[in-house]
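Everything below concerns the one structure shown next.
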Amino acid sequence: MSNPYTRAEFDHLRSLGNRLVRRHSIVLAIISVSLGVGSLWFIQWADARFPRPQRIIFALGTFAIFIGIVGWLLFRMKRTARNVALKCPQCSEPLKGDTERIASATGKCEKCGGVVING
Ligand SMILES: [Zn+2]
């Protein structure tokens, strides 16, 4: 159990966390679109130059690399969102999504009813 946040602390930490998660989602969007277009171009290039068995291997390999990189970026974004989520000072429950909005509006934790924001 720790002290409740002040309104300024809560808003500042919430804003920092949201900015960090937004940055991760922009990187995810740019990289996944670039990789998607790049892999389509590569598969088309390989189709014109290699026999069918090799083309299938190239296509599957390209797809596996795409899924691996995008999956890793998604994992990083989720982990960051979890790490930057504010926690209830009373029960240590993460405040995210609706729980965070309720805490911001009422100053209380939805789960335990404890004071999250003082004043
Ligand atoms: Zn709580």
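Each value in this text was obtained by applying a stated rule to the coordinates, not by laboratory testing. The model shown is predicted, which means the values in this text are computed figures rather than measured ones. Backbone-built Cβ (ideal geometry, glycine too); neighbour counts: all protein chains shown.
Counting residues in the stretch 1-48 as N, plug N into 2.2 N^0.38 Å and put the Cα Rg over that result.
2.13
What per residue convex hull volume, in Å³, do the alpha-carbon atoms of the stretch 43-82 yield?
Roughly 43 Å³ of hull volume per residue.
In the chain, which Cys residues have no partner Cys with a Cβ closer than 4.7 Å?
none
Kindly provide the helix-only [θ] at 222 nm of the chain, computed as the sum of -39,500 (n - 2.57) over DSSP H runs of four or more divided by all residues, to the nearest 500 deg cm²/dmol?
On the way: 3 runs with 83 residues, N = 119.
For the chain, the value works out to -25000 deg cm²/dmol.
What do you get for the angle between helix 7-47 and the principal long axis of the chain? Use alpha-carbon atoms, 0 to 90 degrees, nearest ten.
With rounding to tens, the tilt is 10 degrees.
Normalised by the empirical 2.2 N^0.38 Å for globular proteins, what value does the Cα Rg of the stretch 5-118 take?
Numbers: Rg = 21.6 Å, N = 114, 2.2 N^0.38 = 13.3 Å.
So the Cα radius of gyration is 1.62 times the expected 2.2 N^0.38 Å.
For the charge dipole of the chain, defined by +1 on Lys and Arg C-beta atoms and -1 on Asp and Glu C-beta atoms about the Cα centroid, which residue among 10, 73, 56 has the Cα displaced farthest towards the positive pole?
Farthest along the dipole direction, towards plus: 56.
On the Cα set of the stretch 67-116, report Rg and Dmax in Å, please.
Rg then Dmax for the stretch 67-116, in Å: 13.7, 43.
For residue 91, what charge total do you get from the other residues with a beta carbon under 15 Å from its beta carbon, if Lys and Arg give +1 and Asp and Glu give -1?
Overall, the nearby charge balance is +1.
Which of 32, 15 has the fewest other C-beta atoms within 10 Å, and how do the rest follow up to the most?
On the way: 32 15, 15 10.
Exposure proxy ranking, most exposed first: 15, 32.
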